[in-house]
Amino acid sequence: GIQVEQSPPDLILQEGANSTLRCNFSDSVNNLQWFHQNPWGQLINLFYIPSGTKQNGRLSATTVATERYSLLYISSSQTTDSGVYFCAVETGNQFYFGTGTSLTVIP
Amino acid sequence: KAGVTQTPRYLIKTRGQQVTLSCSPISGHRSVSWYQQTPGQGLQFLFEYFSETQRNKGNFPGRFSGRQFSNSRSEMNVSTLELGDSALYLCASSLEGRVAFFGQGTRLTVV
């Protein structure tokens with residue numbers, strides 16, 4: 001199966017700081033999504049981004065499919081941004097998940 | 001539009017019992033997939049159904065099974081529960097080849 005690597009595994013930021021999360025994947029994929037897992041376990045969609053760049057408020061994402069990586073940018077971080085961020089790639093009707101980046105934003 | 005609904009939210013079972021989890025997809029979505037999340041193994045794919053047919057299955061023992069009904073609702077069943085089956089089980093639905101949406105999950109504890 002496809003290997004998905006996320007970095008860094010853990011990140012601690014001061015409120016207001018910016019951050020970049022990275023996702024590398026080992027093969028061509030049909031779909032790539034970024035999720036934020038809330039404290040109750042639900043995976044909240046952030047971006048559907050098999051290629052290109054998208055922005056949604058303080059968050060933006062870029063996927064370079066030919067180089068098999070994606071980046072998630074968080075600007076002006078807030079304490080509510082804390083949690084685990086997952087990158088997932090889809091091929092063959094299944095998602096392969098990375099191990100996540102655990103983000104802690106301190107006031 | 002209602003999201004993906006999973007029931008029950010929490011479940012406690014005893015080793016050796018069996019359990020059935022339910023997932024109702026977003027209206028119009030015909031693809032439903034299931035994932036297991038544990039601290040040690042992360043998020044792992046169980047199986048995917050489309051129009052009542054299992055199209056893909058992950059590397060799990062035969063104790064794990066599922067099905068999809070004509071209204072796209074899906075159930076997964078785990079028989080002869082083991083302690084290691086304790087996990088968060090997540091269901092996702094999507095239109096073919098489009099963005100997937102996940103439910104809130106069922107947290108299963110096996111004692």
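The values are calculated or read from the model by the stated rules, or taken from the named source; none is laboratory data. As the structure is a computational prediction, the values presented were derived from the model and not from experiment. Positions of Cβ are backbone-derived with ideal geometry, glycine not excepted, and every protein chain shown enters the neighbour counts.
If you go through region B:101-111 one residue at a time, how many are part of a loop (DSSP other than H, G, I, E, B) and within 9 Å of chain A (Cβ to nearest Cβ)? Talk me through it step by step, then tell me what you get.
Step one: of region B:101-111, the residues part of a loop (DSSP other than H, G, I, E, B) are B:103-105, B:111.
Still in the list and also within 9 Å of chain A (Cβ to nearest Cβ): B:103-105.
The qualifying residues number 3.
Which condition breaks for A:I106 when tested against (1) at pLDDT 95 or above; (2) surrounded by fewer than 19 Cβ atoms within 10 Å (Cβ to Cβ); (3) within 14 Å of chain B (Cβ to nearest Cβ)?
Answer for A:I106: the failing condition is (3).
Pick from region B:57-92 the residues that are in contact (Cβ under 8 Å) with a residue 24 or more places away in the chain and assigned to a loop (DSSP other than H, G, I, E, B): which of them is nearest to the chain's Cα centre (by Cα)?
B:R73
If you go through region A:73-81 one residue at a time, do you hit one that is surrounded by 18 or more Cβ atoms within 10 Å (Cβ to Cβ) and aromatic (F, W, Y)? Walk me through how you get there before you give the answer.
Start the filter on region A:73-81 by keeping residues that are surrounded by 18 or more Cβ atoms within 10 Å (Cβ to Cβ), which leaves A:74, A:77, A:81.
Applying the additional criterion that residues be aromatic (F, W, Y) yields none.
No - not one qualifying residue is present in region A:73-81.
Within the set of pairs 6 or more residues apart or between chains, which connect a residue that is over 23 Å from B:N56 (Cβ atoms) inside region A:1-28 to a residue that is of a type in the set (A, V, I, L, M) and modelled with pLDDT under 95 with Cβ atoms less than 9 Å apart?
As it stands, the answer is none, since no pair meets every condition given.
How many residues are touching a Cys at 6+ places or on another chain (Cβ under 9 Å) and crowded, with 18+ Cβ neighbours inside 10 Å if we restrict to region A:20-60?
7
Do we find a residue being in contact (Cβ under 8 Å) with a residue 40 or more places away in the chain and in a loop (DSSP other than H, G, I, E, B) anywhere in region B:43-50?
No, there is no match, as no residue in region B:43-50 is in contact (Cβ under 8 Å) with a residue 40 or more places away in the chain and in a loop (DSSP other than H, G, I, E, B).
Answer with yes or no whether A:L46 is within 17 Å of A:I12 (Cα to Cα) and either in a strand (DSSP E or B) or within 14 Å of chain B (Cβ to nearest Cβ) (or both).
On the way: within 17 Å of A:I12 (Cα to Cα): no; either in a strand (DSSP E or B) or within 14 Å of chain B (Cβ to nearest Cβ) (or both): yes.
Judged against the criteria, A:L46 is not a match.
Counting only residues that are under 8 Å from the mean Cα position of the chain (by Cα) and either surrounded by fewer than 23 Cβ atoms within 10 Å (Cβ to Cβ) or outside any strand (DSSP E or B) (or both), how many does region B:32-42 have?
The first filter runs over region B:32-42 and keeps only residues under 8 Å from the mean Cα position of the chain (by Cα), leaving B:33-36.
When the remaining residues are screened for being either surrounded by fewer than 23 Cβ atoms within 10 Å (Cβ to Cβ) or outside any strand (DSSP E or B) (or both), the result is B:36.
Count: 1.
Looking only at residues that are closer than 12 Å to B:S24 by Cα and modelled with pLDDT of 95 or more in region B:77-100, which one is farthest from the other protein chains (Cβ to nearest Cβ)?
Initial filter on region B:77-100 (closer than 12 Å to B:S24 by Cα): B:90-94.
Remaining after also requiring modelled with pLDDT of 95 or more: B:90-93.
Working: B:L90: 7, B:C91: 10, B:A92: 7, B:S93: 12 Å.
Checking each candidate, the answer is B:S93.
Working carefully through the options A:L21, A:L103, find the one that is assigned to a strand (DSSP E or B), in contact with a helix residue (DSSP H, G or I) (Cβ under 7 Å, 6 or more places away or on another chain) and on the phi < 0 side of the Ramachandran plot. Even if it seems obvious, please write down each step before you answer.
Numbers: A:L21 fails: in contact with a helix residue (DSSP H, G or I) (Cβ under 7 Å, 6 or more places away or on another chain).
Going through A:L21, A:L103 in turn, the sole match is A:L103.
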